Amino acid sequence: MALPAFAALTGAALAGCSLAGGGAPEPAGSVSQPTTVRVVTHDSFNLDEALLDSFEAETGYTLEFSAPGDGGTLVNQLILTKDSPLGDVAFGIDNSFAGRALAEDVFADYTPADLPASAAAYAVDGDSAALTPIDVGDVCMNVDHQWFADHDLDEPVTLDDLTLPAYADLTVVSNPARSSPGLAFLLATIGEYGDQWVDYWQRLDENGLKIVDSWSDVYYTDFTAAEGAGGTRPIALSYSTSPAFTLTDDGDSTTGALLETCFRQVEYAGVLAGAENPAGAQAFLDFLLSAPVQADIPGQMFMYPVDDTVRLPADWVAHAPLAPNPITVPQADIDAHLDEWLRTWQEQVVG
């Protein structure tokens, strides 16, 4: 997802492997095995540095991170460099792009031994062993409660509401061709309106829709509820979890997610085919599913852990629910039509 800025993290290493569920590798100093695990992520990857230090100390590996861009850019770069991989393991391929990566044989098969039972619901269609679900979240329209109260206007509820004259010039989304949340919103409109999705986007456009390049532009520049409050749009594309991070001192949230507008996003990780250090890649993948990392994901990346036994932050119960009935598009349809949909959007919506 596109939230906290990525920070490169590396460190020293010792030995062992309790956080990584696949068992201890050979000592990192042995001649037969590389000592570095190269991790490629989208640019919103973030985990507590102490956890990363623990992985290094317990496995004997040193982590090196690179982040070529958002989820779409990440997949494109992995495909372009598949004959000379950028790293050993990749995190951040979401269900919008998973089929493209699998079709290009970017990943090698590997299934962690401690895969949570709840992860089965988020497996890539076709039950591929090449991608492992790590976290899940809902991309939804968010609203600024205070703005609507100040303007004595009822908040919208549905996607259709966003096209009503009462909400003219109030909505901002990110570009589906450049932004992972933007693409999720495009898929939500396709799932909701089927063959009429272009007509819906044209109605949005006629009602003053603003399209910007990235989630950060949407949320921190244009959204009226952003810190600094310099924005002019009280309806903004973000995540169902975002309201848990706009709390007042008394525990209320200044924003809310419109749960009837949500598209379910799953983020995957996998061992890269041709990795220089496949054992280290597997250990890191096991690590991502360990209880400490799964518990760290909500606060660091604003997503739900794929392991549903992990205790969530208290504020999430009240302010960051997953949508009870998210809009979906079959993975097979995404794989078959994504490029066509993006071309159509560019030609008939942007022009």
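Take the residues of the stretch 245-256 that are open to solvent by 10 Å² or more (accessible area, probe 1.4 Å) and under 18 Å from Ser216 (Cβ atoms): which is modelled with the highest pLDDT? Across the stretch 245-256, the extreme among qualifying residues is Thr246.
When we screen Ala57, Ala50 for residues that are more than 14 Å from Val37 (Cβ to Cβ), open to solvent by 10 Å² or more (accessible area, probe 1.4 Å) and more than 13 Å from the chain's Cα centre (by Cα), the only hit is Ala50. Annotation: of all residues in the stretch 68-102 being of a type in the set (D, E, K, R) and within 16 Å of Val124 (Cα to Cα), the one that is surrounded by the fewest Cβ atoms within 10 Å (Cβ to Cβ) is Arg100. Residues that are in a helix (DSSP H, G or I) and under 17 Å from Thr41 (Cα atoms) were ranked within the stretch 299-313; the one that is farthest from the chain's Cα centre (by Cα) is Gln300.
Which is among the aliphatic types (A, V, I, L, M), touching a residue at least 12 places away in the same chain (Cβ under 8 Å) and open to solvent by 60 Å² or more (accessible area, probe 1.4 Å), of Leu164, Leu159? On inspection, the qualifying residue turns out to be Leu164.
Ser180 fulfils the conditions (1) open to solvent by 20 Å² or more (accessible area, probe 1.4 Å); (2) more than 23 Å from Trp147 (Cβ to Cβ); (3) modelled with pLDDT under 95 except for a single criterion, (1). Being assigned to a loop (DSSP other than H, G, I, E, B), of a type outside the set (Val, Ile, Thr), farther than 27 Å from Asp213 by Cα and touching a residue at least 40 places away in the same chain (Cβ under 8 Å) is a property that holds for Ser84. You will find that of Trp197, Trp201, Trp215, the residue that is surrounded by 15 or more Cβ atoms within 10 Å (Cβ to Cβ) and modelled with pLDDT under 95 is Trp215 and no other.
Every condition in (1) surrounded by 24 or more Cβ atoms within 10 Å (Cβ to Cβ); (2) under 19 Å from the mean Cα position of the chain (by Cα); (3) part of a helix (DSSP H, G or I) holds for Tyr220 except the one numbered (1).
Residues that are at pLDDT below 95 and part of a helix (DSSP H, G or I) occur in the stretch 89-98; there is at least one.
Quick grid of which residues meet (1) open to solvent by less than 10 Å² (accessible area, probe 1.4 Å); (2) assigned to a loop (DSSP other than H, G, I, E, B):
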| site | (1), (2) |
| --- | --- |
| Glu260 | no, no |
| Tyr268 | yes, no |
| Glu276 | no, yes |
| Ala279 | no, no |
| Ala283 | yes, no |
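Residues in the stretch 120-140 that are within 19 Å of Val89 (Cβ to Cβ), open to solvent by less than 10 Å² (accessible area, probe 1.4 Å) and touching a Pro at 6+ places or on another chain (Cβ under 7 Å): Thr132, Asp135.
The single condition among (1) farther than 29 Å from Asp205 by Cα; (2) open to solvent by less than 50 Å² (accessible area, probe 1.4 Å); (3) in contact with a Leu (Cβ under 7 Å, 6 or more places away or on another chain) that Trp345 does not satisfy is (1). Can you say whether Leu258 is under 20 Å from Gly182 (Cβ atoms) and in contact (Cβ under 8 Å) with a residue 24 or more places away in the chain, as far as the supplied structure shows? Judged against the criteria, Leu258 is a match. Taking the criterion of being surrounded by fewer than 17 Cβ atoms within 10 Å (Cβ to Cβ) and either aliphatic (A, V, I, L, M) or without any contact (Cβ under 8 Å) to a residue 12 or more places away in the chain (or both), the residues of the stretch 326-341 that qualify are Ala332, Asp333, Ala336, His337, Asp339, Glu340. Every listed requirement among (1) farther than 28 Å from Ser214 by Cα; (2) open to solvent by less than 10 Å² (accessible area, probe 1.4 Å) is met by His42 save one, (1). Going through (1) modelled with pLDDT under 95; (2) outside any helix (DSSP H, G or I); (3) in contact with a helix residue (DSSP H, G or I) (Cβ under 8 Å, 6 or more places away or on another chain) one by one, Trp316 falls short only on (2). What pairs can you find where one residue is in the stretch 290-306 and farther than 15 Å from Ala119 by Cα and open to solvent by 30 Å² or more (accessible area, probe 1.4 Å), the other is hydroxyl-bearing (Ser, Thr, Tyr) and assigned to a strand (DSSP E or B), and their Cβ atoms are less than 8 Å apart, with a gap of 6+ or different chains? Here the result reads Phe302/Tyr239, each pair linking the stretch 290-306 to a residue that is hydroxyl-bearing (Ser, Thr, Tyr) and assigned to a strand (DSSP E or B).
The values are calculated or read from the model by the stated rules, or taken from the named source; none is laboratory data. Worth saying up front: this structure is predicted, and the values here are computed from it rather than measured. So basically every Cβ, Gly included, is an ideal-geometry build from the backbone, and we count neighbours across all protein chains shown. For the accessible areas, the whole protein counts, side chains as well, though only heavy atoms, and no ligand, DNA or RNA atoms are used. Shrake-Rupley method; radii C 1.70, N 1.55, O 1.52, S 1.80 Å.
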